[in-house]
Amino acid sequence: MMNAIHMLNNHPQVSDYKINTHHKESAELFFVKSKLETVRRTDTTDRQITVYVNHGEYKGDAQFFVYPSTTDEQLKTLIDEAVSKALLINNKAYGLPADEQGEFEVESNFNSYDMNDLAAQVSKAVFAANTIENASLNAVEVFINKHTETIVNSRNLHKTQVRYDAMVEAIPTYNGEQQSVELYEQYNFSNFDADETTCEIAGKLKEVKARYEAVKPDFAIDCPVVFGHKEVSRIFFSILRDLNYSSVYSNANLFKKGDMIQKQPENDLITLSMAGETKGSTRSAKFDGDGLSLAPICLVENGKAINYYGSNRFGQYLGEKPTGELGCMMVAPGSAEKSVFEKGPSLEIASMSGLQVDFYNDYIGGEIRLAYYNDGEKIIPVTGISISGKVSEILNRIRFAKDIVHANGYEGPEKALLTGMKIF
């Protein structure tokens, strides 16, 4: 890297640069029908260099990767090519983060385990969920990762962070008399709790059995709809997209500071923040790809947009203090007890083909792959139906759970109760 820094510092057309280095170590296990087939360890390093060139009133940039095999002659050529590309980019000028140094570690209990041992313990917790008759885990892959990320730039910034994450990929399968049903599960986390891991996989095994048993209802359903945390977070992500600096700068945002997102609220009010870290999130970080330190910021308070957030570049364009690329969402709990969601009649969503949330066209809806219809006396797994409604009306009447869930970048209400949805 020293050669690269020397060449960049001495190139007559390079105005600024940053070097992002990602060192990844992993322990990986691959199972077929609960039998361990492959064990693998990896150790890789990627290095990306971004070259900035000031030309006239503009600042251009271009990126390229450097590998251990890259020679000095190749590096010189790559820098020259990047400069030529950057001269074609006419971005408004902005400055890079400067004069910060430090070494950091994102909170995780992974650092108290040997990676191989942790992979084995995660696998044990996964297969402990395999207790449903005729259901099984057809294939399981476990990945334990340690990331060491370093950023150096031409403005005296030099930071390193260590963070951890894990991913479990599984194929839960149910073998019935008439057919077999398979689902795909991807479970990501950065804090290991054996019981939580078992519970997550058990939920998918229960779901694949329910998918086998699910019927398309031959009767009309008209009742409140219960969203799980995945669907709830999709609503919040749609709000966040509007409050990002890049959306505001390009005039692609519907909501502006001071706007009421819930126009005539009748129940729970939304309070929504973004942060660099939340418990168990694989998106947690101490700083972003530009080296900006990440701190929490409240964006929506009691249903009202109060702040924007986003990258160094677009924050400067708007004259706002850059918050950095925050990856973790925090939502205040609501008022609804568990009993609110257990009361029938109701339709609780287990999975959808993709929830659509469109504030511009005032629409929320999508196709349901699996839901549980509670008629007040019994619970029936159903499929082949859809839901739709006006997102403005839904948000006015929405109720959020008191119980909080931590789910990979989302810390907020476990469920939400929506009234006024059409079910067809």
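The residues in the stretch 279-314 that are under 21 Å from residue 155 (Cβ atoms) and either surrounded by fewer than 19 Cβ atoms within 10 Å (Cβ to Cβ) or not assigned by TED's automatic domain parsing to the domain that holds residue 224 (or both) can be counted, and the count is 3. When 317, 360 are checked against the criterion of being touching a helix residue (DSSP H, G or I) at 6+ places or on another chain (Cβ under 9 Å) and in the same structural domain as residue 295 (by TED's automatic domain parsing), 317 stands alone in meeting it. The numbered conditions (1) within 26 Å of residue 110 (Cα to Cα); (2) among the aromatic types (Phe, Trp, Tyr); (3) surrounded by 18 or more Cβ atoms within 10 Å (Cβ to Cβ) are all true for residue 184 except (3). When you scan the stretch 405-419, do you find a residue that is surrounded by fewer than 20 Cβ atoms within 10 Å (Cβ to Cβ), under 20 Å from residue 207 (Cα atoms) and aliphatic (A, V, I, L, M), even just one? Yes, that holds for at least one residue.
Taking the criterion of being touching a residue at least 60 places away in the same chain (Cβ under 8 Å) and small (Gly, Ala, Ser), the residues of the stretch 383-422 that qualify are 384, 392, 401, 407, 409, 412, 416. Taking the numbered list (1) closer than 25 Å to residue 386 by Cα; (2) of a type in the set (D, E, K, R); (3) in contact (Cβ under 8 Å) with a residue 12 or more places away in the chain in turn, residue 218 passes all entries but (3). Exactly one residue out of 209, 230, 257 is out of contact with any helix residue (DSSP H, G or I) (no Cβ under 8 Å at 6 or more places or on another chain), surrounded by fewer than 18 Cβ atoms within 10 Å (Cβ to Cβ) and assigned to a helix (DSSP H, G or I): that is 230. On the given criteria, is residue 61 out of contact with any helix residue (DSSP H, G or I) (no Cβ under 9 Å at 6 or more places or on another chain), of a type in the set (D, E, K, R) and either in the same structural domain as residue 124 (by TED's automatic domain parsing) or not in a strand (DSSP E or B) (or both)? So residue 61 fails the test. For the stretch 122-146, a residue qualifies if it is among the β-branched types (Val, Ile, Thr) and more than 30 Å from residue 22 (Cα to Cα), and the qualifying residues are 131, 132. Inside the stretch 351-367, can you point out the residues that are touching a residue at least 24 places away in the same chain (Cβ under 8 Å) and assigned to a strand (DSSP E or B)? Hits for the stretch 351-367 are 351, 352, 357, 358, 363, 364, 365.
Which ones in the stretch 313-342 are among the charged types (D, E, K, R) and either touching a strand residue (DSSP E or B) at 6+ places or on another chain (Cβ under 8 Å) or in contact (Cβ under 8 Å) with a residue 12 or more places away in the chain (or both)? Passing the criteria: 313, 320, 325, 337, 338, 342.
The combined condition, being in contact with a Leu (Cβ under 7 Å, 6 or more places away or on another chain) and of a type in the set (D, E, K, R), is fulfilled by residue 16. Collect the residues in the stretch 71-118 that are surrounded by fewer than 12 Cβ atoms within 10 Å (Cβ to Cβ), within 30 Å of the chain's Cα centre (by Cα) and either among the hydroxyl-bearing types (Ser, Thr, Tyr) or in the same structural domain as residue 311 (by TED's automatic domain parsing) (or both), keeping them in residue-number order. The one that is surrounded by fewer than 12 Cβ atoms within 10 Å (Cβ to Cβ), within 30 Å of the chain's Cα centre (by Cα) and either among the hydroxyl-bearing types (Ser, Thr, Tyr) or in the same structural domain as residue 311 (by TED's automatic domain parsing) (or both): 112.
Selection over the stretch 260-287 of residues that are in a loop (DSSP other than H, G, I, E, B) and either touching a strand residue (DSSP E or B) at 6+ places or on another chain (Cβ under 9 Å) or closer than 30 Å to residue 194 by Cβ (or both) gives a count of 18. For the stretch 64-97, filtered to residues that are of a type in the set (Val, Ile, Thr) and in a helix (DSSP H, G or I), the residue that is nearest to residue 313 (Cα to Cα) is 83.
Look at the stretch 291-310: where a residue is under 14 Å from residue 242 (Cα atoms) and in contact (Cβ under 8 Å) with a residue 12 or more places away in the chain and a partner is in a loop (DSSP other than H, G, I, E, B) and hydroxyl-bearing (Ser, Thr, Tyr), sitting 6+ places away or on another chain with Cβ atoms under 9 Å, you get 299/308; 300/271; 307/323; 308/323; 309/323; 310/323. Summed over the stretch 15-58, the residues that are within 17 Å of residue 148 (Cα to Cα) and either surrounded by fewer than 18 Cβ atoms within 10 Å (Cβ to Cβ) or not assigned by TED's automatic domain parsing to the domain that holds residue 116 (or both) give a count of 12. Taken over the stretch 373-424, the criterion of being of a type in the set (Lys, Arg) and outside any strand (DSSP E or B) is satisfied by 378, 390, 397, 402.
The values are calculated or read from the model by the stated rules, or taken from the named source; none is laboratory data. Treat the numbers as computed from the prediction; the structure is a model and nothing was measured. Positions of Cβ are backbone-derived with ideal geometry, glycine not excepted, and every protein chain shown enters the neighbour counts.
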